[in-house]
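Written out below as structure tokens is the structure these notes cover.
The values are calculated or read from the model by the stated rules, or taken from the named source; none is laboratory data. What you see is a predicted model; the values in this text were computed from it and never measured. Note that we place each Cβ from the backbone using ideal geometry, even for glycine, and neighbour counts take in every protein chain shown. To get the accessible areas, we keep the full protein, side chains included, count just its heavy atoms, and leave off ligands, DNA and RNA. Shrake-Rupley method; radii C 1.70, N 1.55, O 1.52, S 1.80 Å.
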Amino acid sequence: MTSSSTSSSRFPRISTTGVPTRCWCGEGITTFGSSTAENRYRRFYRCKIGRDRKSENHLFKWNDEALIDEIRMVDAKYEKVAQGLTKFEERVMENVNSAIALLEHEMSQELKEMVNLEIARVENEMKQKLKIATVVMVVVGAMVGLCTSLIV
């Protein structure tokens, strides 16, 4: 089995990538089987005009080569999509990380405000209790002083 896509060296062929659908003459493509000893039963693409007029330059391509071309094109497209997906994932992760950082900052600020409010509330409560304790100590001191002066 040869890998040449040309059947005649008199007419150089224009390269066609993948599975052809039309010949250069505009005719539709058909699949035929080779009857040569070198490529017996090997399938190829050709237009009917080119099959009947072998001396003319019409599209010719082996089926297996066309399918290999198609596989390579799919592989290239897959690689491109995979790279795009990787870039998309990276952008999404950047956005997620930015959102997490912003949320952490906002929550930290809210937590600081809540802590400061609680500290202020406890401070006021302690001041009130200190005032009451001071008044109680003054009253107790006065009572002790009064009792002491009465006993003496």
Checked the range 41-56 for anything more than 22 Å from ASP69 (Cα to Cα) and either in a loop (DSSP other than H, G, I, E, B) or out of contact with any Cys (no Cβ under 8 Å at 6 or more places or on another chain) (or both); matches are LYS48, ARG51, ASP52, ARG53, LYS54, SER55, GLU56
Does LYS80 satisfy being open to solvent by 100 Å² or more (accessible area, probe 1.4 Å), among the basic types (Lys, Arg), in a helix (DSSP H, G or I) and modelled with pLDDT of 95 or more?
-> yes
Can you tell which of ARG53, ARG72, ARG40 is out of contact with any Phe, Trp or Tyr (no Cβ under 8 Å at 6 or more places or on another chain), at pLDDT below 90 and open to solvent by 90 Å² or more (accessible area, probe 1.4 Å)?
-> ARG53
